[in-house]
Amino acid sequence: NVIFAYGIFLAVATGQLNLGGAGFQALGAYAAAWLAMEMDQPLVVTIAAGMIVAGVIGFAISFPILRLKGVYLVLGTFAFAEVVAGLILNSDALGGATGLPVPTFIDWDVPAIAAIIVALLVFWLMSTRFGLVVRSVHDDEVVADLMGVNVRMVRVCAFALGAALAGLSGALYAHAFSFVEIQVFNASLSIYVLLYVLLGGAQTAWGPLFGAAFFTLLPEALRDTLPALKEAVFGTLGIEGASNPPDESWRFVILGVATVLMMIFRPEGLITRTLVERLRPLNRAPRRAPAEAAE
């Protein structure tokens, strides 16, 4: 989820809402699964292929799709994900609705290491001149264009790189779960990963990391917390007898309430540029103007 969130973050950081994340992840997952199952390729090849396939297709469609603006871009990326799902669903070579088994299994440490590497890569990328250009395009594309920035190519590069990272997350998913089926890569997945980025914060590279971690771990924490909470309430009220654990849907009700509250009180996300500036070491000397430095 962290890798997936960073894939969507790169497009969002340029001011483009990408609701086609599930499509790119599906491309990476099925490319890795097919190479492992049909071609008996090693793990390194299948994961790299999943990343490359999604990245190349993301680069190819970015030219027409990034001509769209606002809600039309959201609908365009969403339509792309649905087209990918429809093609895979009707492809016998890719298992159709049945899915594909993946013979090569990876344990949790491989995705964890990959997530750390991707996070460091994105942090480094956002600290370079490219990251500065990305932020300028997001803040005001007209001014960025007047300053000589090729806005279109910046967005194309960010979109394609983000698609490649989404494909990498899909390839890792395929090998971690040893099976892929297209029903997993649905519209809800695209919405969730976009929420990871928007609610975590799209202004800095910290946002997707915290957003993905928070919204991934919260439902799992509630899985154990809700039954214990219900038992405590029943005990306080003096209700005896066995109580059924809360329905699974209650986890998502609470998750939805938390999302709404965050949108009200933290509309710019959990982590913003202002917050990052405030949390910097206090002993760091402020920058002085060149004239002051010369004196």
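The values are calculated or read from the model by the stated rules, or taken from the named source; none is laboratory data. Fair warning: this is a prediction, and the values are worked out from it, not measured in the lab. Here Cβ is always computed from backbone atoms with ideal geometry, including for glycine, and neighbour counts include all displayed protein chains. Accessible surface is based on the protein model in full, side chains and every heavy atom, while ligands, DNA and RNA are left aside. Shrake-Rupley method; radii C 1.70, N 1.55, O 1.52, S 1.80 Å.
Secondary-structure-derived ellipticity at 222 nm for the chain, considering helices only, amounts to -23000 deg cm²/dmol, per-run term -39500 (n - 2.57) for DSSP H runs with n ≥ 4.
The alpha carbon convex hull volume per residue for region 93-245 rounds to 184 Å³. Note on region 1-117: the C-alpha convex hull projects to 7.7 nm² when averaged across all orientations.
Ranking VAL45, MET126, LEU89 by how far each Cα lies toward the positive end of the dipole of region 13-143 (charges on Cβ) leaves MET126 at the top.
In loop segments of region 91-129 as defined by DSSP, the chymotrypsin sites (Phe, Trp or Tyr not before Pro) with at most 15 further C-beta atoms inside 10 Å of their C-beta are PHE105, TRP108.
Per-atom-type breakdown for the chain gives carbon and sulfur 68% of the accessible area (1.4 Å probe, protein chains only).
As a length-normalised measure over Cα pairs under 8 Å and 6 or more apart, the relative contact order of the chain settles at 30 percent. Here the chain is treated with +1 on each Lys and Arg Cβ and -1 on each Asp and Glu Cβ, and its dipole about the Cα centre works out to around 1040 debye. Take the convex hull of the alpha carbons in the chain; its mean projected area over all directions comes to 21.1 nm².
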